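The values are calculated or read from the model by the stated rules, or taken from the named source; none is laboratory data. Keep in mind that this is a model prediction, so the values were computed, not measured. Here Cβ is always computed from backbone atoms with ideal geometry, including for glycine, and neighbour counts include all displayed protein chains. Protein only, heavy atoms only, side chains kept; ligands, DNA and RNA dropped before computing areas. Shrake-Rupley method; radii C 1.70, N 1.55, O 1.52, S 1.80 Å.
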Amino acid sequence: MSPVFPMLTVLTMFYYICLRRRARTATRGEMMNSHRTIESNSRTSPLNTEVVQYAKEVVDFSSHYGSENSMSYTMWNLAGIPNVFPSSGDFTQTAVFRTYGTWWDQCPSASVPFKRTPPNFQSQDYVELTFEQQVYPTAVHVLETYHPGAVIRILACSANPYSPILPAEVRWEILWSERPTKVNASQARQFKPCIKQINFPTNLIRLEVNSSLLDYYTELDAVVLHGTKDKPVLSLKTSLIDMNDLEDDDYEEKDGCGMDSLSKKFSSTALREGPNNGYFDKLPYELIQLILNHLTLPDLCRLAQTCKLLNQHCCDPLQYIHLNLQPYWAKLNDTSLEFLQARCTLVQWLNLSWTGNRGFISVAGFSRFLKVCGSELVRLELSCSHFLNETCLEIISEMCPNLQDLNLSSCDKLPPQAFNHIAKLCGLKRLVLYRTKVEQTALLSILNFCSELQHLSLGSCVMIEDYDVIASMIGAKCKKLRTLDLWRCKNITENGIAELASGCPLLEELDLGWCPTLQSSTGCFARLARQLPNLQKLFLTANRSVCDTDIEELACNCTRLRQLDILGTRMVSPASLRKLLESCKDLCLLDVSFCSQIDNRAVLELNVSFPKVFIKKSFTQ
């Protein structure tokens, strides 16, 4: 084999290291100065009394396990005093996010992750809480009652949600952050991280979570904010610089989530002049582009300031084919989009999830960006982007003719009429409308014109009047559908299930969790098993009518099954589960929590016989 390829690999890695060093050197002096630690051995004056308060209101969140029309397992349970703590266990009065573990990343509906995501950004969900009084935080306590350890970041905002006066500037400051870690105990705990002090008072706190290492859903009961009304007097000590602090993640933290001066960096014309380009101009253009693909967006911003050659490479639109701006939600604004605009004319994947809230991005700024950068877009992630309105969806439908993937998850402030514009995107293959206010008429129009759909999420869409009509249209029009999320659909019946099963034979994933109108006695689950042999994931969560006959039909017909949730059923025996496990060799997740016939001894015996399967049996209160 020719030695050229190993040599190219070595060269690539060598130049990548050089570029990282050069990018860092561009702002090394500034970073070294800002890296001098101020130890906050804060001693408050005896007159500066500490205020202790529970959350007054939950103002925003990305997902929850519960229904939009009740309080069970919803984020709204985080407001007020504890309902459960210090008790441990599964309680409906707590706040629970929609997912846990890595199971959702292994589903057919899972999206391909974006490249260039900074390693220090691992948040999957969030919740924002307001408090009565603005204080300078001294502590934040999170009362966790079941499977703790999901909280990985706590932030404070300078804006007062209860003030009628809009601030000129809104700032988010990280009080504490940590990479996801495994907590072995599932019992309740009071999580008390050591937070850093900030120079503004706040009554808006944000928790960000990552549940990927959890064995089950985490449950949160309350959040307690400790603080003082007056700014604490700091005992200032300047420490020496620890060279171990000069790591990539710390640089990006000090750089304000990596986007604090994005506009300045991209618009900078004062490039450093040197005697030469360090031999980079001797490399093929394509090789330099390949090396730069390993850099994060903030690193590209820094590197663009080093010399004209690297500025040309860093501004090449080919570097922005896939652009993930979600990690920089706290800083991204209209100005950032404006300076990115010229570099994103070829962007195909764009992630603006969580961005633009509280006036950071305007409708006009978003529209200007898409008019320049929307023509090549194939994938657009807009989860929890509350700046969106009907005009934005109209612009998307007009400027993004090639769009195949649209995520509007938890965009619950979009008016119902806005969703009519989605029907113009006839090439859509994936559409996520979880927790939106889409209405039946608009959805029927979308299904009629978007016949290429392969992945559709309608979980917790409470404005839909008749899910049987929707299911009938899906069966008639969406013949290529592979995954369907109908989580908490309030009125789908066996008639709708029959239309789905006969019209969508390619279905690999079906979520019918918490659909109370489905009854096993009608034969609907047995019909699903017989007509959908490709099923890999089936959630029948909280359907108490699921019985041994249904499980045996799955064992006979759905041998590719990998995930099954039958939480809460009273009519399934260990014998039928054993048949299922023997037949479905790929099964890796089986949730039998609160199944009255499946006791802990039965679960233990099944675990011994089938050690590769994660069998979840939640204990009761």
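Let's see how each residue does on (1) crowded, with 22+ Cβ neighbours inside 10 Å; (2) out of contact with any helix residue (DSSP H, G or I) (no Cβ under 9 Å at 6 or more places or on another chain); (3) under 21 Å from Ala110 (Cα atoms):
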| residue | (1), (2), (3) |
| --- | --- |
| Ile361 | yes, no, no |
| Ser375 | no, no, no |
| Leu382 | yes, no, yes |
| Leu406 | yes, no, yes |
| Asp412 | no, yes, no |
Checklist entry - Looking only at helices (runs of 4 or more DSSP H) that fall completely inside the range 434-509, which ones have 1 or more residues that are within 21 Å of Glu68 (Cβ to Cβ) and open to solvent by 50 Å² or more (accessible area, probe 1.4 Å)? => result 440-449, 467-477
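Within the range 346-354, identify whether any single residue is out of contact with any helix residue (DSSP H, G or I) (no Cβ under 8 Å at 6 or more places or on another chain), open to solvent by less than 20 Å² (accessible area, probe 1.4 Å) and touching a residue at least 60 places away in the same chain (Cβ under 8 Å), and answer yes or no. Give the steps one after another, and end with the answer.
To start, the set of residues in the range 346-354 that are out of contact with any helix residue (DSSP H, G or I) (no Cβ under 8 Å at 6 or more places or on another chain) comprises 348-349.
Retained after the next criterion (residues that are open to solvent by less than 20 Å² (accessible area, probe 1.4 Å)): none.
No, that holds for no residue.
Could you list, in sequence order, all residues of the range 414-433 that are open to solvent by less than 60 Å² (accessible area, probe 1.4 Å) and either assigned by the TED database to the domain that holds Pro113 or not in a helix (DSSP H, G or I) (or both)? Talk me through it step by step, then tell me what you get.
Taking the range 414-433 as the starting set, the residues that turn out to be open to solvent by less than 60 Å² (accessible area, probe 1.4 Å) are 414-416, 418-419, 421-423, 425, 427-428, 430-433.
Leu414, Pro415, Leu425, Gly427, Leu428, Arg430, Leu431, Val432, Leu433, listed by residue number.
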Checklist outcome for this item: Expected output for the range 396-408 (first residue farther than 9 Å from Lys371 by Cα, partner acidic (Asp, Glu), Cβ below 7 Å, 6+ apart or cross-chain) is Asn402/Glu376; Asn407/Glu381
Next on the checklist: As an exercise: evaluate Lys56 against (1) crowded, with 20+ Cβ neighbours inside 10 Å; (2) at pLDDT 95 or above; (3) not aliphatic (A, V, I, L, M) and give the number of the one condition it does not meet.
Outcome noted: (1)
Checklist outcome for this item: How many residues of the range 161-181 are out of contact with any Pro (no Cβ under 8 Å at 6 or more places or on another chain), under 17 Å from Asn203 (Cα atoms) and in contact (Cβ under 8 Å) with a residue 12 or more places away in the chain? The answer is 8
Checklist entry - Among (1) small (Gly, Ala, Ser); (2) surrounded by fewer than 17 Cβ atoms within 10 Å (Cβ to Cβ); (3) touching a strand residue (DSSP E or B) at 6+ places or on another chain (Cβ under 8 Å), which single condition is Gly227 missing? => result (2)
Item to check | Given (1) modelled with pLDDT of 85 or more; (2) open to solvent by 10 Å² or more (accessible area, probe 1.4 Å); (3) among the small types (Gly, Ala, Ser), number of the condition Ala304 does not satisfy | outcome: (2)
Next on the checklist: Considering only residues that are out of contact with any Lys or Arg (no Cβ under 7 Å at 6 or more places or on another chain), aromatic (Phe, Trp, Tyr) and farther than 30 Å from Lys616 by Cα, which ones fall in the range 98-151?
Outcome noted: Phe114
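From Leu309, Leu340, grab the single residue that is at negative phi and open to solvent by less than 10 Å² (accessible area, probe 1.4 Å). Please lay out each step first, then the result.
Details: Leu309 fails: open to solvent by less than 10 Å² (accessible area, probe 1.4 Å).
Checking each option against the conditions leaves just Leu340.
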Item to check | Checklist (1) within 20 Å of Trp103 (Cα to Cα); (2) out of contact with any helix residue (DSSP H, G or I) (no Cβ under 6 Å at 6 or more places or on another chain); (3) aliphatic (A, V, I, L, M) applied to Ile615, failing item | outcome: (2)
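Name the residues in the range 186-213 that are closer than 26 Å to Asp105 by Cβ and modelled with pLDDT under 95, would you?
So the first thing to find is which residues in the range 186-213 are closer than 26 Å to Asp105 by Cβ, and the list is 186, 191, 206-213.
Matches in the range 186-213: Ser186 only.
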